[in-house]
Amino acid sequence: MWDHFLSRHWERLSPEMPLPEFVRYARQQVAIILPDSPPRFVNLNNYLWSERWLERYREMDFILNVLNGMASRRPRLDALRDSWHDLDEHYDALETRFWQFYPRMMAQAKNKQL
């Protein structure tokens, strides 16, 4: 859900770099380490980039599809199928939490405290 708010509010959070440009930059940086990465990690990365996940997390329907897909592929994650209702019901509270969390997380990252 944090990725949803990040994508949704990207222009406010990072006005100096549009989200598609950031995604291209991030993909280039990750590509550097992929030759030394496990095959499953490489496959996952290829899939996530090709599907433009960070950009598409802005769309709540996309999140619903992701949760349902995870629940379908992994029986232990079946509860994710119903979690959509919680996200929808508590959307405003989650967004408030995002705005409390994100600036602190970025400050810690800047100070290398993560």
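Bear in mind that the values in this text are calculations on the coordinates, not laboratory data. Everything quoted here is computed from the prediction, not taken from an experiment. Note that we place each Cβ from the backbone using ideal geometry, even for glycine, and neighbour counts take in every protein chain shown.
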Equivalent ellipsoid semi-axes for region 1-73, as square roots of 5 times the alpha carbon gyration tensor eigenvalues: give them largest first, rounded to whole Å.
-> 22, 20, 8
Sort TRP84, TRP99 so that the residue with the fewest other Cβ atoms within 10 Å of its own Cβ comes first and the one with the most comes last.
-> TRP99, TRP84
Using the Karplus equation 6.51 cos²θ - 1.76 cosθ + 1.60 (θ = phi - 60°), what ³J(HN,Hα) coupling, rounded to whole Hz, does each residue of region 97-104 give in order, writing x for Gly and Pro?
-> 4, 4, 5, 7, 7, 4, x, 5
Which residue fluctuates the most in the chain, going by a Gaussian network model with Cα springs under 10 Å, if the choices are PHE41, PHE98, PHE22?
-> PHE41
With a 10 Å Cβ neighbour count serving as the proxy for reagent exposure, in which order, fewest first, do TRP10, TRP2 appear?
-> TRP2, TRP10
Near ASN46, within a Cβ-to-Cβ distance under 14 Å, what is the net charge of the other residues, with Lys and Arg +1 and Asp and Glu -1?
-> +2
Per residue and in Å³, how big is the convex hull formed by the alpha-carbon atoms of region 52-102?
-> 91 Å³
When the Karplus curve 6.51 cos²θ - 1.76 cosθ + 1.60 is applied with θ = phi - 60°, which whole-Hz ³J(HN,Hα) does each residue of region 41-56 get, with x for Gly and Pro?
-> 5, 4, 4, 4, 4, 4, 5, 4, 5, 5, 8, 6, 4, 4, 5, 7
Length released on extending from ALA107 to ASN65, taking residue separation times 0.36 nm less the Cα-Cα span | 11.9 nm
Once every DSSP H run of n ≥ 4 in the chain is given -39500 (n - 2.57) and the sum is divided by its residues, what mean residue ellipticity at 222 nm do you get, rounded to the nearest 500 deg cm²/dmol?
-> -22500 deg cm²/dmol
For ARG74, ARG12, ascending order of other Cβ atoms within 10 Å (fewest first) is ARG12, ARG74
